[in-house]
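S.K.: One structure coming up, written as structure tokens, with questions to follow.
Each reported figure results from applying straightforward, stated rules to the coordinates on display, with no laboratory input. Everything quoted here is computed from the prediction, not taken from an experiment. Positions of Cβ are generated from backbone atoms using ideal geometry, with glycine treated the same way; all protein chains shown enter the neighbour counts.
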Amino acid sequence: MRNIIVCTKIVPKAEDMNFDPETKTMKRSGVENQINEADKNAIELSLKIKEKNGGRVVLLSMGPPFFEQYLKIGIAMGADDAILLSDRLFAGADTFATSATLAAAIRKIGDYDLVLCGEETSDGGTGQVPSQLAELLDLPQMLFVSEVDVDGNNLKAKRTIKGGYEIVESGMPAILSIELGINQPRFPDFKRKRWADKEFSLTIWSASSLEIKPELTGTSGSYTIVKRLTEYFTHQRQRISVEGTAEQQANKIMEILREYG
Amino acid sequence: MNRKEIWVYLERNPEEIEDVSLEILGRAKELGKKSDMSVVGVMLGKEPGNLGDIALKHGADKVIFLKDSLLESYSTEDYTKALFEIINKRMPEIFLLGATYQGRDLAGRLSARLRTGLTANVVSLDIDTDGYLLSGVPGYGSKVLAEIICVRNKPQMSTVRPGIFSKKLIPIKAGIVEVLDLDLQGSVSRVRVVSRKVEKHPDLSRAEKVIIAGNGVEGNLDMVAKMADIFGARLGVSRPIADKGKASRELQVGSTGYSLNAKLVLIFGVSGAEHFLPGIANCQTVISINMDRESDIFEYSDYCVVADASKIIPILLREGGDR
């Protein structure tokens, strides 16, 4: 088995994010970050594939230098290497420019059999990168995958479709998007974390280290722009407390149920 | 000069057109009126049957059917190839797809091949004053709505969430179904489908009443299901229940499952994780039952019931049975 590349995004915890109606931007100060949850499931899956079939697990991320500390958590989980694409030019990328930049990096890493991504990120939530990446790298794609079986050069996967699932197969290399929650990501190994913090050196690639025209990255490489952000008003909740004994509480629920027929 | 066109992908399942495609047609018709564009439904398959006529009744001015025996069932690469060619020839202004598993699989690949912009999981669609498609996407646990435009290329593409718009029967003058025989020379697909298991589930996003079971009532799933039955509601579950295989993904509510549009939703034992909340954001009335007074779910509920669900459920079953 050759390299298994796992695209890993560091995302803010959504419960910490708040909209500022004055400036029409998201308030990010004091926000905690984490490895995107579905990407953690992808990392866990890549480690399982490696344990069975060999190969190296390489984490690939794009973002500012502070992502390093989170990628080291992935290293401590068992990944062999991590590469961070970091350059001011990459800022403001939509999913297409992101995919184009990741594709250039994946070509540079080379010698790979699998590219895994989480099905979507918790911040952007588009799930578009896996299929755009597959197109730009001219690879077969399987999205919303929950199980994988590698046998020689043959890849078998279970993917979710409307109303059920399909078992699909293809050769490798291939790109898979991994469903959120399909496994229990292992905890970072304590000793390995200490080693990662002290001795592991993250590879950082800027735009000039990739074979991609700078104008195809970041804002200038994007096809879509956010025209404006507004507060999203859904229903304002009343938050009425229903107190009393279980019997009284259930009666209140019955009353509302009857109102709705 | 020909009018500009809004294209809508008509997803087959396989004997019917998916509701979301018909919902988008209805909205596209309104946008077409506003901006003087015509609405074209695009379908791929072996034979059009009567599906073209159904699309014409729901807002399409015209249907294009891409016909080839290879297109009978969906494959990413064959469908992308067929659509890429026709879109490049006719260059519609806008191309909309349902944000279903298939629609999302196809839209990403196709937009990258077309080198155009794609917006995901849209909950609102409009045309702005400059004539661009304005696609609204909720972000960060549905706290903001980002309105996104595709400025650099055509078609402007978006995938639209099911259940956001309602399908409408629209009286038509005389729409046509244009059948294009593609004569594809063999499949280009590198992914083979070995087997498929699909069950027909009622679509949760359209249910009027939903009862949701979360981790807190994992041991009482049967009772919650029975209660849903008695009260004429649909059963939904939170992600952990589906993850453990205790219920189908088709019952999962939240950002990676269904977004509900119910009038009433009853939620048992759900903590209110961020991926769950978008699933109930569009419901009219939310009642939550949870042991933990501090649970986040109560922030997003109209009626907050701090109680042991295993005590409440039997009473509701008894009361419901008496009716």
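S.K.: For chain A, calculate the relative contact order in percent as a whole number, restricting contacts to Cα pairs under 8 Å that are 6 or more residues apart.
M.R.: Details: 481 pairs, mean separation 64.1, N = 261.
Once divided by the residue count of chain A, the mean separation gives 25 percent.
S.K.: What are the ³J(HN,Hα) couplings of the range A:113-126, residue after residue, when phi is run through the Karplus curve with 6.51, -1.76, 1.60 and θ = phi - 60°? Round to Hz, x for glycine and proline.
M.R.: Couplings: 10, 9, 10, 10, 10, x, 4, 6, 9, 7, 8, x, x, 8 Hz.
S.K.: Quick check on chain A: take the gyration tensor over C-alpha atoms, sort the square-rooted eigenvalues as a ≥ b ≥ c, and tell me if it's rounded (a/c under 1.5), prolate or oblate. All intermediate terms of the calculation are to be shown ahead of the outcome.
M.R.: Working: a/c = 1.78, a/b = 1.44, b/c = 1.23.
Cα axes put chain A in the prolate bin.
S.K.: Take the range B:172-245, compute every pairwise Cα distance, and split them into 5 Å bins from 0; I just need the percent in each bin.
M.R.: 3, 11, 13, 14, 10, 8, 9, 8, 10, 9, 5, 0
S.K.: Please give the Cα centre distance for the range A:27-81 versus the range B:61-138, rounded to the nearest Å.
M.R.: Spelled out, the Cα-based centre of one part sits 32 Å from the other.
S.K.: Another one. Put +1 on the Cβ of every Lys and Arg and -1 on every Asp and Glu Cβ in the range B:204-322; which of B:Ser259, B:Ala307, B:His275 then has its Cα farthest towards the positive end of the dipole?
M.R.: Of the candidates, B:Ser259 comes out farthest on the positive side.
S.K.: Another question about this same structure. Once both axes come from the Cα atoms, what is the angle between helix A:37-53 and the longest principal axis of chain A, in degrees from 0 to 90, rounded to 10?
M.R.: For A:37-53 against chain A, the angle is about 40 degrees.
S.K.: Please list B:16-24, A:143-151 highest first by mean number of surrounding beta-carbon atoms within 10 Å per residue.
M.R.: Details: B:16-24: 23.8, A:143-151: 19.6.
In descending order of packing, they fall as B:16-24, A:143-151.
S.K.: Another question about this same structure. Restricting the calculation to Cα positions, tell me the Rg (one decimal) and the Dmax (whole number) of chain B in Å.
M.R.: Both quantities, over Cα of chain B: 21.7, 69 Å.
S.K.: For the range B:197-236 and the range B:243-300, what is the separation of their C-alpha centers, rounded to whole Å?
M.R.: The distance from the Cα centre of the range B:197-236 to that of the range B:243-300 comes to 11 Å.
S.K.: Select from the range B:176-224 those GluC sites (Glu not before Pro) which occupy a DSSP coil region and have at most 12 other Cβ atoms within 10 Å, ordered by residue number. Intermediate results must be reported in sequence, preceding the final value.
M.R.: Numbers: sites: B:Glu178, B:Glu199, B:Glu208, B:Glu218; in loops: B:Glu199, B:Glu208.
Sparse-neighbourhood loop GluC sites (Glu not before Pro): B:Glu199.
S.K.: Which entries of A:Lys40/B:Lys209; A:Lys158/B:Lys46; B:Lys81/B:Lys197; A:Lys40/B:Lys246 have Cα-Cα distances beyond 28 Å here?
M.R.: A:Lys40/B:Lys209
S.K.: In percent, how large is the relative contact order of chain B, given Cα pairs closer than 8 Å and 6 or more residues apart? Could you put the intermediate results ahead of the total?
M.R.: Details: 686 pairs, mean separation 46.1, N = 323.
Dividing the mean separation by the residue count of chain B yields 14 percent.
S.K.: Provide Rg and Dmax in Å for the range A:1-132, with only Cα atoms included in the calculation.
M.R.: 15.2, 54
S.K.: Sort largest first and round to whole Å: the equivalent ellipsoid semi-axes of the range B:4-181, each the square root of five times a Cα gyration tensor eigenvalue.
M.R.: Numbers: eigenvalues 108, 67, 49 Å².
Semi-axis lengths for the range B:4-181 are 23, 18, 16 Å.
S.K.: Nearest 10 degrees is fine. How inclined is helix A:246-259 to the longest principal axis of chain A, computing both from alpha carbons?
M.R.: Tilt relative to chain A: about 90 degrees.
S.K.: Can you give the mean number of other chain Cβ atoms that lie within 10 Å of the Cβ atoms in peptide B:225-234? Each step should come with its number before you reach the end.
M.R.: Numbers: counts 0, 0, 1, 0, 0, 1, 5, 3, 2, 0.
If you average over the peptide's residues, the count of other-chain Cβ atoms is 1.
S.K.: Obtain the radius of gyration and the Kirkwood radius of the protein assembly as shown from its C-alpha atoms and give Rg over Rh.
M.R.: 0.97
S.K.: Give, rounded to the nearest 20 debye, the magnitude of the charge dipole that the protein assembly as shown has about its Cα centre when Lys and Arg contribute +1 at Cβ and Asp and Glu contribute -1 at Cβ. Spell out each step's value before the answer.
M.R.: Values: 75 positive and 80 negative charges, 89 e Å.
Magnitude of the dipole: close to 420 debye.
S.K.: With each run of n ≥ 4 DSSP H residues scored as -39500 (n - 2.57), what mean residue ellipticity at 222 nm is computed for chain B after dividing by its residue count and rounding to the nearest 500 deg cm²/dmol?
M.R.: Details: 7 runs with 82 residues, N = 323.
Per the formula, -8000 deg cm²/dmol.
S.K.: Shifting gears a bit: May I ask you to list the trypsin sites (Lys or Arg not before Pro) in the range A:153-226 that are in a DSSP loop and have at most 15 other Cβ atoms within 10 Å of their Cβ? Display every interim value, and only then the final one.
M.R.: Details: sites: A:Lys156, A:Lys158, A:Arg159, A:Lys162, A:Arg186, A:Lys191, A:Arg192, A:Lys193, A:Arg194, A:Lys198; in loops: A:Lys162, A:Arg186.
The qualifying sites are A:Arg186.
S.K.: Could you name the aspartates and glutamates in cross-link range of B:Lys173, using Cα to Cα under 13 Å and dropping any fewer than eight places away on the same chain?
M.R.: Result set, ordered by chain and number: B:Asp53, B:Asp61.
S.K.: Count the net charge of all other residues whose Cβ sits under 13 Å from the Cβ of A:Phe187, scoring Lys and Arg as +1 and Asp and Glu as -1.
M.R.: On the way: positive: A:Lys40, A:Arg186, A:Lys191, A:Arg192, A:Lys193; negative: A:Glu44, A:Asp189.
Result for the neighbourhood of A:Phe187: +3.
S.K.: In addition: Computed over the Cα atoms of the range B:152-297, what is the ratio Rg over Rh, Rh following Kirkwood?
M.R.: Radius of gyration over Kirkwood radius for the range B:152-297 works out to 1.11.
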